[in-house]
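Okay, structure first, notes after.
The values are calculated or read from the model by the stated rules, or taken from the named source; none is laboratory data. Predicted, not measured: the structure shown is a model, and the values here were computed from it. Please note: Cβ atoms are built from the backbone with ideal geometry, for glycine as well, and neighbour counts cover all protein chains shown. Surface accessibility is based on the protein's heavy atoms, side chains included, excluding ligands, DNA and RNA. Shrake-Rupley method; radii C 1.70, N 1.55, O 1.52, S 1.80 Å.
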Amino acid sequence: MSGLTQETSNGGGFDTPGQEPSSHGSYKSYITGFLLSVILTVIPFWVVMSDTPMHLGAALTIIFVLGTGQILVHIYYFLHVDLRAEQGWQAMSLIFTGIILFVVLAGSIWVMYHLHTNMMPPHFINDAESVSARENARVAAPDGETTPETVGHSSHE
Amino acid sequence: MSATTMPGDHVDMPNGPEVVSGIDFHVSGHAHDADHSHDTGTMLGFWLYLMSDCLIFGVLFAVHAVVGQNFAGGPAPADIFEIDMILLSTFMLLFSSITYGFAVINMQQRKLRNTALWLIVTGVFGAAFLGLEVREFLHLWSIGAVPMESAFLSSFWLLVGTHGLHVTVGTIWLCVLLVQLYMHGITDANERRVMCLSLFWHFLDLIWIGVFSFVYLAAVLL
């Protein structure tokens with residue numbers, strides 16, 4: 001079994017010892033990954049922390065696109081996944097996990113948001129309206145009369 | 001074990017050592033050929049564990065996506081999150097990722113002392129991250145943003161707490177690994193352990209990207 005895999009990898013010419021060090025990275029690749037990560041971290045934080053007027057959709061797009069980009073950077077530069085590592089099983093299991101994650105996340109969000117709007121009984125809708133009314137009152141009066149324990153503490157923090 | 005041998009065991013016993021030595025033979029032969037300890041399958045197995053762990057986090061993210069806007073009259077993300085502190089802890093994890101990478105490079109050059117030093121630096125950054133997280137949790141608890149308050153806070157504490165628990169375990173593992181390196185030096189087994197923790201540590205940093213983007217930054221804007 002192991003002799004077989006050895007043979008395959010040699011036959012494919014993938015796991016030659018000369019290529020081994022690069023699969024674990026060098027200072028250069030780690031620093032490249034680090035600098036890319038810093039850029040991809042700082043921009044979304046800047047979007048949120050600086051009070052630049054920006055369309056909400058644009059801000060969310062920046063956050064999620066750069067977050068996805070940084071995940072890919074980490075996978076490539078830090079986790080060193082490539083299509084050839086471990087005869088391809090590493091990349092295969094990663095892609096499989098990605099598909100399952102997509103199904104779980106997209107499916108949950110899709111189904112639950114539709115359930116939320118389609119199946120909410122009338123008295124819950126009234127509740128929700130009163131909650132949102134309270135929320136609005138809280139936003140309208142930010143000096144904290146409505147929820148003293150929360151706003152009061154966070155203001156002295 | 002041997003005191004209570006059954007007749008059947010006598011039949012099985014000769015097979016046992018044979019199989020084991022067969023595995024050993026392949027392992028040592030492999031390590032010789034590629035001069036690499038992770039051809040044993042341990043690295044692939046650990047990778048598969050990480051992928052299943054990734055699914056756990058994926059489910060927790062899905063829960064947070066579903067209930068993350070249900071505040072039940074309690075505090076909303078913009079009321080309770082301190083984004084500058086999150087930026088600080090993000091950089092703690094990012095620094096610890098690159099210092100762990102330096103430890104791996106030094107280990108491959110058989111520099112035990114430098115390996116240990118970089119691992120210690122990694123542990124310090126990991127501990128700093130945990131300290132910031134504990135500080136945040138204590139702060140949230142003190143202002144009443146407890147898990148019992150709303151569905152949003154329940155899933156927030158569960159998701160971020162699970163990640164923090166992983167970092168805690170990783171930090172303990174790091175300390176144990178330092179003791180093993182001190183006792184045995186850079187052996188094949190220790191090299192394999194360092195590489196496994198490397199995957200684990202970088203994986204936790206990767207999960208944190210999802211946490212800060214989705215749980216903190218996007219939620220504060222919404």
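At a 1.4 Å probe, which residues in the range B:100-115 are at least 30 Å² less accessible with all protein chains present than in their chain isolated?
At a threshold of 30 Å² (probe 1.4 Å), the residues of the range B:100-115 that become less exposed are B:102, B:105, B:108.
Under a plain spin-label model, where a point goes 7 Å from the Cα along Cα-to-Cβ, how far apart in nm are residue A:99 and residue B:109?
4.2 nm
At 7 Å along the Cα-to-beta-carbon direction for both residue A:115 and residue B:169, put a label point, then send me their distance in nm to one decimal.
In this crude spin-label approximation the distance works out to 2.8 nm.
Whole-Hz Karplus ³J(HN,Hα) for the range A:40-47, in order, using 6.51 cos²θ - 1.76 cosθ + 1.60 and θ = phi - 60°, x for Gly and Pro?
Working through the residues one at a time gives 6, 8, 5, 4, x, 5, 5, 4 Hz.
Accessible area, 1.4 Å probe, largest first: how do A:75, A:95 sort?
Values: A:75 30, A:95 95 Å².
Per-residue accessible area, sorted high to low, gives A:95, A:75.
Taking a 1.4 Å probe, which of B:139, A:55 shows the most accessible area, and what order do the others take after it?
Values: B:139 20, A:55 140 Å².
Largest accessible area first, the residues go A:55, B:139.
Can you send over the solvent-accessible area of residue A:92, 1.4 Å probe, protein chains only, in Å² to the nearest 10?
120 Å²
To the nearest whole percent, what portion of all C-alpha pairs in the range B:38-221 is separated by more than 28 angstrom? Write out the running numbers ahead of the final one.
Details: 5101 of 16836 pairs.
Value for the range B:38-221 (Cα pairs over 28 Å): 30 percent.
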